[in-house]
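Below is one structure, written out as structure tokens; comments come after it.
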Amino acid sequence: MSVGRRDKTEDEFRKDAEQAIKRFSRSNNGSQTRLNQVLSRFYYYRLDIYNKDGYAQLGDYLSEIDKVYGTNGNRIFYLAVAPEHFKPIVENLRSAGMVINDGTSWQRVVIEKPFGSDLNSAIMLNEVINRVFGEEHIYRIDHYLGKEMLQNIMAIRFANALFEPLWNNKYIDHVQIISSETVGVENRGAYYEKAGALRDMLQNHMLQLLMLTAMEPPAILDNNSIRDEKVKVLKSLSGMTYEKVRQHVVRGQYGSGQIDNKTVPGYREENKVSPSSDTETFVAMKVEVENFRWGGVPFYLLTGKRLPAKFTEIVIQFVSLPEVLYFKELRGLKPNTLHIRIQPMEGVELYFNTKKPGIRNEIIQVGMDFCQNCDADAVSPDAYERLLLDVMKGDSTLFTRWDEVEYAWRFVDSISRAWAEEKPVFPNYPAGTWGPYGARKLIEKDGRQWHVV
Ligand code: BG6
């Protein structure tokens, strides 16, 4: 059942849905009969979300549908709306008696990010939703957690004697987490102006990648044990003082430039964006996870729009060996690296050194790779397929618990507070390049380089 403010008949809604499914579905091999069966289960209800009385009527309609499918009043309310509408919607649902959760039926709520715009607004929002639904019925979506390779990070780490013993500051020199996009803000200027890369990507997706890479092994694989370990990583992040932000965080905004040999406009020229906007479309930073496993190991994070390539990847760079024995004449021996490729290629690549065949003593770097989605038949499910199924099953492991949101905001707020003190000089990178010069300097001054292709 879809609820919207537009005046549409159910038939019109089903036609729209049919077109969308045909256009976006990743498999095209279903029959029209099967599709019609699915479409016959789509319903549309017109509702002004601020009209309290409308909710009771919606409730009656849903009860009718319950009778057809035997769904017993079990419901998932998926709020794909702007954050300012969350509060009135959940309060109206409660007043209309649509949230019961008394053991006879369940009602769950799914909330899209951003969950608030800073810590205070997130706390307020959380209180309202919690009062109505309770934490166990709240599903905060971060679609990165539904990606196949994110779920694989724990398996790679904890199911391999080859990696787990090395996963610490004795053997790892540094970690890079990169999520780069070629797209601009598309038609989302109004939203993006308030969010920026820090709130849009870093507060959620990037920190999730960091947590999964750095967390301790959970005692058991249940939803709370995993999330307990993840949140400890956020608690261990080195505090971001103004001085640290100035030294370790770089923000950028794209100007016009070339993507795929086509000229694209700068961010300030995009639809619904202020021509003097100070919103960042790029952020790079160096953070440290201050615990015994990671003390002294920098994590470099980079994300941005209108960069030269679309990919998300975690790179673990192992320490360089002391140049001993006959290798001492060979300067520049490359360190081992492990690349966990999240998208578009899903897989793992390990680089190590071998002797180049021949009579000369030369060492070359070679790569060994496992590609999960290279095989045409091996299509990973879309992140949302997995996540929505989990909501139906009542499994919240791949959803963000409140304390993850809270500590993520604490970290991000410390950066935005420091940024508010200084006006940025934007735009500072042309579309189609790897971000502002400061991002290169950030890592090169430590004697390292970004692993961007
Ligand atoms: C969304 C952001 O959460 O993630 C978008 O709001 C971004 O700005 C998108 O483009 C990236 O997701 P993916 O799955 O394409 O990496």
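The values are calculated or read from the model by the stated rules, or taken from the named source; none is laboratory data. Keep in mind that what you see is a predicted model, and the values were worked out from it rather than measured. For neighbour counting, all protein chains shown are included, and Cβ atoms are generated from backbone atoms with ideal geometry for every residue, glycine included.
Against the condition modelled with pLDDT of 95 or more and of a type in the set (A, V, I, L, M), how does Leu221 come out, does it pass?
no
Looking at this structure, is Arg306 more than 19 Å from the chain's Cα centre (by Cα) and not in a strand (DSSP E or B)? Working first, answer last.
Working: more than 19 Å from the chain's Cα centre (by Cα): no; not in a strand (DSSP E or B): yes.
Spelling it out, it is not the case that Arg306 is more than 19 Å from the chain's Cα centre (by Cα) and not in a strand (DSSP E or B).
Identify all residues within the range 57-84 that are hydrophobic (A, V, I, L, M, F, W, C) and farther than 17 Å from Arg41 by Cα; write none if there are none.
Matches in the range 57-84: Leu79, Ala80, Val81, Ala82.
Evaluate the following for Lys15: is it within 16 Å of Tyr61 (Cβ to Cβ), surrounded by 10 or more Cβ atoms within 10 Å (Cβ to Cβ) and not hydrophobic (A, V, I, L, M, F, W, C)? Spell out how you get there, then give the answer.
Values: within 16 Å of Tyr61 (Cβ to Cβ): no; surrounded by 10 or more Cβ atoms within 10 Å (Cβ to Cβ): yes; not hydrophobic (A, V, I, L, M, F, W, C): yes.
Against the criterion (within 16 Å of Tyr61 (Cβ to Cβ), surrounded by 10 or more Cβ atoms within 10 Å (Cβ to Cβ) and not hydrophobic (A, V, I, L, M, F, W, C)), Lys15 does not qualify.
Output the number of residues of the range 175-199 satisfying the condition of being near the ligand (Cβ under 10 Å from one of its atoms), among the charged types (D, E, K, R) and assigned to a helix (DSSP H, G or I).
1
Mind counting the residues in the range 11-44 that are farther than 24 Å from Thr71 by Cβ, among the charged types (D, E, K, R) and over 30 Å from the mean Cα position of the chain (by Cα)?
Residues in the range 11-44 being farther than 24 Å from Thr71 by Cβ, among the charged types (D, E, K, R) and over 30 Å from the mean Cα position of the chain (by Cα): 2 in total.
Looking at Ile153 and the list (1) more than 24 Å from Gln343 (Cα to Cα); (2) more than 13 Å from the ligand (Cβ to nearest atom); (3) assigned to a helix (DSSP H, G or I); (4) touching a residue at least 12 places away in the same chain (Cβ under 8 Å), which single condition is not satisfied?
Unmet for Ile153, out of (1) more than 24 Å from Gln343 (Cα to Cα); (2) more than 13 Å from the ligand (Cβ to nearest atom); (3) assigned to a helix (DSSP H, G or I); (4) touching a residue at least 12 places away in the same chain (Cβ under 8 Å): (1).
Run Gly103 past the list (1) modelled with pLDDT under 95; (2) surrounded by fewer than 18 Cβ atoms within 10 Å (Cβ to Cβ); (3) outside any loop (DSSP other than H, G, I, E, B) and report the number of the one that doesn't hold.
(3)
Please verify whether the range 22-34 includes one or more residues that are surrounded by 13 or more Cβ atoms within 10 Å (Cβ to Cβ) and either in contact (Cβ under 8 Å) with a residue 12 or more places away in the chain or out of contact with any helix residue (DSSP H, G or I) (no Cβ under 9 Å at 6 or more places or on another chain) (or both).
Checking the range 22-34: not a single residue is surrounded by 13 or more Cβ atoms within 10 Å (Cβ to Cβ) and either in contact (Cβ under 8 Å) with a residue 12 or more places away in the chain or out of contact with any helix residue (DSSP H, G or I) (no Cβ under 9 Å at 6 or more places or on another chain) (or both).
If I filter the range 158-171 for residues that are surrounded by 14 or more Cβ atoms within 10 Å (Cβ to Cβ) and more than 14 Å from Thr213 (Cβ to Cβ), do I get at least one hit?
Yes: the range 158-171 contains one or more residues that are surrounded by 14 or more Cβ atoms within 10 Å (Cβ to Cβ) and more than 14 Å from Thr213 (Cβ to Cβ).
If a residue must be away from the ligand (no atom under 16 Å from the Cβ), touching a helix residue (DSSP H, G or I) at 6+ places or on another chain (Cβ under 9 Å) and at pLDDT 95 or above, how many such residues does the range 304-332 contain?
Counting residues in the range 304-332 that are away from the ligand (no atom under 16 Å from the Cβ), touching a helix residue (DSSP H, G or I) at 6+ places or on another chain (Cβ under 9 Å) and at pLDDT 95 or above gives 2.
Please tell me if Pro275 is more than 16 Å from the ligand (Cβ to nearest atom), over 22 Å from Asn204 (Cβ atoms) and not aliphatic (A, V, I, L, M).
So Pro275 passes the test.
For Ile359, are the conditions met, namely being of a type outside the set (S, T, N, Q), in a strand (DSSP E or B), away from the ligand (no atom under 16 Å from the Cβ) and farther than 22 Å from Ile314 by Cα?
No.
If only one of Ala159, Ala80 is more than 16 Å from the ligand (Cβ to nearest atom) and without any contact (Cβ under 8 Å) to a residue 40 or more places away in the chain, which one is it?
On the way: Ala80 fails: more than 16 Å from the ligand (Cβ to nearest atom).
Testing whether each residue is more than 16 Å from the ligand (Cβ to nearest atom) and without any contact (Cβ under 8 Å) to a residue 40 or more places away in the chain leaves just Ala159.
When the residues of the range 110-139 are filtered to those that are under 20 Å from Gly196 (Cα atoms) and polar (S, T, N, Q), which remaining residue is surrounded by the most Cβ atoms within 10 Å (Cβ to Cβ)?
Step one: of the range 110-139, the residues under 20 Å from Gly196 (Cα atoms) are 111-122.
Filter once more, keeping what is polar (S, T, N, Q): 117, 120-121.
On the way: Ser117: 18, Asn120: 11, Ser121: 15.
Residue satisfying both the conditions and the ranking: Ser117.
Only one of these is away from the ligand (no atom under 16 Å from the Cβ), of a type outside the set (Phe, Trp, Tyr) and at pLDDT 95 or above: Leu301, Leu338. Name it.
From the options Leu301, Leu338, the qualifying one is Leu338.
Quick grid of which residues meet (1) closer than 30 Å to Met285 by Cβ; (2) aromatic (Phe, Trp, Tyr); (3) in contact (Cβ under 8 Å) with a residue 12 or more places away in the chain; (4) assigned to a loop (DSSP other than H, G, I, E, B):
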| residue | (1), (2), (3), (4) |
| --- | --- |
| Ile364 | no, no, no, no |
| Cys374 | no, no, yes, yes |
| Met392 | no, no, yes, no |
| Glu404 | yes, no, yes, no |
| Trp409 | yes, yes, yes, no |
| Val412 | yes, no, yes, no |
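Could you please find all residues in the range 242-262 being charged (D, E, K, R) and in a helix (DSSP H, G or I)?
Residues satisfying the conditions are Glu243, Lys244, Arg246.
So, in the range 46-68, how many residues would count as being assigned to a helix (DSSP H, G or I) and either under 35 Å from the mean Cα position of the chain (by Cα) or not polar (S, T, N, Q) (or both)?
15
What's the number of the condition Gly54 fails, among (1) surrounded by 11 or more Cβ atoms within 10 Å (Cβ to Cβ); (2) on the phi > 0 side of the Ramachandran plot; (3) without any contact (Cβ under 8 Å) to a residue 12 or more places away in the chain?
(2)
Do we find that Glu10 is out of contact with any strand residue (DSSP E or B) (no Cβ under 9 Å at 6 or more places or on another chain) and either at negative phi or among the aromatic types (Phe, Trp, Tyr) (or both) in this structure?
Values: out of contact with any strand residue (DSSP E or B) (no Cβ under 9 Å at 6 or more places or on another chain): no; either at negative phi or among the aromatic types (Phe, Trp, Tyr) (or both): yes.
The answer is no for Glu10.
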